[in-house]
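The values are calculated or read from the model by the stated rules, or taken from the named source; none is laboratory data. Computed from a predicted structure; not experimentally measured. No Cβ is skipped: glycine too gets one built from the backbone with ideal geometry, and neighbour counts run over all protein chains shown. Just the protein is used for accessible areas: all its heavy atoms, side chains included, with ligands, DNA and RNA removed. Shrake-Rupley method; radii C 1.70, N 1.55, O 1.52, S 1.80 Å.
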Amino acid sequence: MQDGEYEEICSEEVDRICAALELLSESVSSETIKSLLDGCSNEIYYLVYEDDGMSEAA
C-alpha cells in the first residue's frame with residue numbers, strides 16, 4: 001500500500017482471527033507466548049473496534 005492509503009478490514013475477519021488466537025493461546029503452556037498472543041489479539045481487535053469504543057465513551 002502507498003502512503004496515505006488505508007485498507008478496509010472487515011469485522012468478521014477480525015473476529016475470526018481473534019478467536020483463532022484465543023484457541024492457540026489456550027493450547028500453549030508458556031506464559032510468555034500466551035502474553036504475546038494476547039497482545040497480538042488486542043492489536044488486531046483494535047484495528048476495527050477502537051473507534052466504536054471511543055465514540056461510545058464520548
_Residues that are assigned to a helix (DSSP H, G or I) and either exposed (fewer than 12 other Cβ atoms within 10 Å of the Cβ) or of a type in the set (Gly, Ala, Ser) (or both), drawn from segment 17-39_ = Ala19, Ala20, Leu23, Ser25, Glu26, Glu31, Thr32, Ser35, Gly39
_Checking Val48 against (1) outside any helix (DSSP H, G or I); (2) modelled with pLDDT under 95, the condition it does not meet_ = (1)
*Filter segment 40-52 for residues that are of a type in the set (Val, Ile, Thr) and open to solvent by 100 Å² or more (accessible area, probe 1.4 Å) and give the result.*
none
